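The values are calculated or read from the model by the stated rules, or taken from the named source; none is laboratory data. The model shown is predicted, which means the values in this text are computed figures rather than measured ones. Virtual Cβ from ideal backbone geometry, glycine too; neighbours counted across all protein chains shown. The area values use the complete protein model at the heavy-atom level, side chains included, leaving out ligands, DNA and RNA. Shrake-Rupley method; radii C 1.70, N 1.55, O 1.52, S 1.80 Å.
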Amino acid sequence: MTIIAIIGAGPGLGAAIARRFGAEGYNVALIARNQDRLDALAAQLAETGVFARGYSANVRDAMSLRAALDQATQDGGPIEVLTYNPLPQKEFLRPVLETAPEDLNGAAEFSLYAPVAAVHQVLQGMRFLKTGSILFVNGASAVRPHASYAGTSIAFAGQSAYGQMLHETLQPEGIHVGQLIIPRGIEPGDATHDPDVLAGVLWEMHTQRGDFRRYAEALDS
């Protein structure tokens, strides 16, 4: 039995991803900052037949993130699927003219350093399995910079470049790297932006593979 690790696990999209992949037989490693909330989410998932376990980590602390992923592997075996979908913090959403160099530190830790640390931690296991998926979830600013959200736009662009390079490099090894762009954010009940719908798209990205980038809906021209 292999594992899906969900970085940024919460009651919305993270829980939906856990239910979707759990229904396909995956064990689930839930990773976020608050252990009590993770334990509560794992208990809720258990009621639906999904085996999940929570691992506390702060994505802005690469050491704690690596430790959480390492513990998940020790507990349950190789991580076959990694999703990176934490919700950006409000401090990253400042207008470009109000953004100083030091304001970018947190955004870079959140959207660049943490994904690199996570990928380095899980990649050996995926290579051992000779398969796997690394799936990034981003807002529209990852592909269309927004002057009102400078920190995220800059850091997401770097994450997009990193993911694209991983996609091209790892594809010959049977490891898929993809990015899901969600314009407008996540909206329960929406035909294209409901968490369960988006989790289904991520499942398709894992199983059907294909191009690096997919969109929940087309961006306005």
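Given the criteria within 16 Å of the chain's Cα centre (by Cα), hydrophobic (A, V, I, L, M, F, W, C) and either open to solvent by 20 Å² or more (accessible area, probe 1.4 Å) or on the phi > 0 side of the Ramachandran plot (or both), does L123 qualify? Against the criterion (within 16 Å of the chain's Cα centre (by Cα), hydrophobic (A, V, I, L, M, F, W, C) and either open to solvent by 20 Å² or more (accessible area, probe 1.4 Å) or on the phi > 0 side of the Ramachandran plot (or both)), L123 qualifies. If you filter the range 131-153 down to residues that are at pLDDT 95 or above and hydroxyl-bearing (S, T, Y), you find that the one that is least open to solvent (accessible area, probe 1.4 Å) is S133. Sub-7 Å Cβ pairs linking a first residue in the range 156-181 that is acidic (D, E) to a second residue that is surrounded by 14 or more Cβ atoms within 10 Å (Cβ to Cβ), at least 6 apart or interchain, are E173/R127, ordered by first then second residue. In the set D70, D36, only one residue is modelled with pLDDT of 95 or more, closer than 20 Å to L112 by Cα and surrounded by fewer than 22 Cβ atoms within 10 Å (Cβ to Cβ); that residue is D70.
Scoring P88 on the criteria (1) surrounded by 18 or more Cβ atoms within 10 Å (Cβ to Cβ); (2) touching a strand residue (DSSP E or B) at 6+ places or on another chain (Cβ under 8 Å) leaves a single failure, condition (2).
Would the range 154-171 turn up any residue that is among the aliphatic types (A, V, I, L, M), open to solvent by 10 Å² or more (accessible area, probe 1.4 Å) and either touching a Pro at 6+ places or on another chain (Cβ under 8 Å) or modelled with pLDDT under 95 (or both)? Yes, some residue in the range 154-171 is among the aliphatic types (A, V, I, L, M), open to solvent by 10 Å² or more (accessible area, probe 1.4 Å) and either touching a Pro at 6+ places or on another chain (Cβ under 8 Å) or modelled with pLDDT under 95 (or both).
Give just the number: which of (1) touching a Leu at 6+ places or on another chain (Cβ under 7 Å); (2) open to solvent by 10 Å² or more (accessible area, probe 1.4 Å); (3) modelled with pLDDT of 95 or more does P78 not satisfy? Of everything listed in (1) touching a Leu at 6+ places or on another chain (Cβ under 7 Å); (2) open to solvent by 10 Å² or more (accessible area, probe 1.4 Å); (3) modelled with pLDDT of 95 or more, P78 misses just condition (3). Taken over the range 172-196, the criterion of being open to solvent by 60 Å² or more (accessible area, probe 1.4 Å), over 26 Å from R60 (Cβ atoms) and of a type outside the set (D, E, K, R) is satisfied by P172, P188, G189, A191.
For the range 1-33, filtered to residues that are out of contact with any helix residue (DSSP H, G or I) (no Cβ under 8 Å at 6 or more places or on another chain) and open to solvent by less than 60 Å² (accessible area, probe 1.4 Å), the residue that is nearest to A57 (Cα to Cα) is Y26.
Has the range 105-122 got any residue that is touching a helix residue (DSSP H, G or I) at 6+ places or on another chain (Cβ under 7 Å), more than 23 Å from Q89 (Cα to Cα) and either modelled with pLDDT of 95 or more or not hydroxyl-bearing (S, T, Y) (or both)? Checking the range 105-122: at least one residue is touching a helix residue (DSSP H, G or I) at 6+ places or on another chain (Cβ under 7 Å), more than 23 Å from Q89 (Cα to Cα) and either modelled with pLDDT of 95 or more or not hydroxyl-bearing (S, T, Y) (or both). Scanning the range 129-154 for residues that are more than 17 Å from L112 (Cα to Cα) and in contact (Cβ under 8 Å) with a residue 60 or more places away in the chain gives L129, S133, R144.
Please work out which one of (1) more than 28 Å from S141 (Cα to Cα); (2) at pLDDT below 95; (3) not β-branched (V, I, T) is the condition A62 fails and give its number. Failed condition: (1).
I'm trying to understand the selection: among the residues of the range 207-216, which are within 11 Å of L180 (Cβ to Cβ) and in contact with a His (Cβ under 8 Å, 6 or more places away or on another chain)? Once the filter is applied, which keeps residues that are within 11 Å of L180 (Cβ to Cβ) and in contact with a His (Cβ under 8 Å, 6 or more places away or on another chain), the range 207-216 yields F212, A216.
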